[in-house]
Amino acid sequence: MIIRINSEDEAPVYAQIVQQVKFGVASGTLRSGEQLPSVRELATQLRINPNTVARAYRELEYEGLVETMKGKGVFVSSEAGRLT
């Protein structure tokens, strides 16, 4: 999955990440069990602060779209398809 940040968008960067992951799940680009990039990996790729990515992932986890497995990473939840 490719995430792009629009610096001219009024939405905060973390919200743009959340929105794009939600779209990926809804469109079927991201499937249940698929691993998302690590916080550091995505932050480096987007050239943003890792805390911004972590905030987006926390929000997605709160909404039930992703789940974090300690030591393994962040994965699209098995419930994600039903939640979108």
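The values are calculated or read from the model by the stated rules, or taken from the named source; none is laboratory data. What you are looking at is a predicted structure, and each value in this text was computed from that prediction instead of being measured. Just the protein is used for accessible areas: all its heavy atoms, side chains included, with ligands, DNA and RNA removed. Shrake-Rupley method; radii C 1.70, N 1.55, O 1.52, S 1.80 Å.
If you sort 62, 57, 14 by accessible surface, 1.4 Å probe, largest first, the order is 62, 14, 57.
Compute the normalised compactness of the chain: alpha-carbon radius of gyration over 2.2 N^0.38 Å, N being the residue count.
On the way: Rg = 11.9 Å, N = 84, 2.2 N^0.38 = 11.8 Å.
Dividing the Cα Rg of the chain by 2.2 N^0.38 Å gives 1.00.
Restricting to Cα pairs below 8 Å that are 6+ residues apart, what does the relative contact order work out to for the chain? Please round to a whole percent. Relative contact order for the chain comes out at 33 percent. A 1.4 Å probe run over the chain, with the rest of the protein chains in place, finds 67 Å² accessible per residue.
Within the accessible surface of the chain, defined with a 1.4 Å probe on protein heavy atoms only, the carbon and sulfur portion equals 47 percent.
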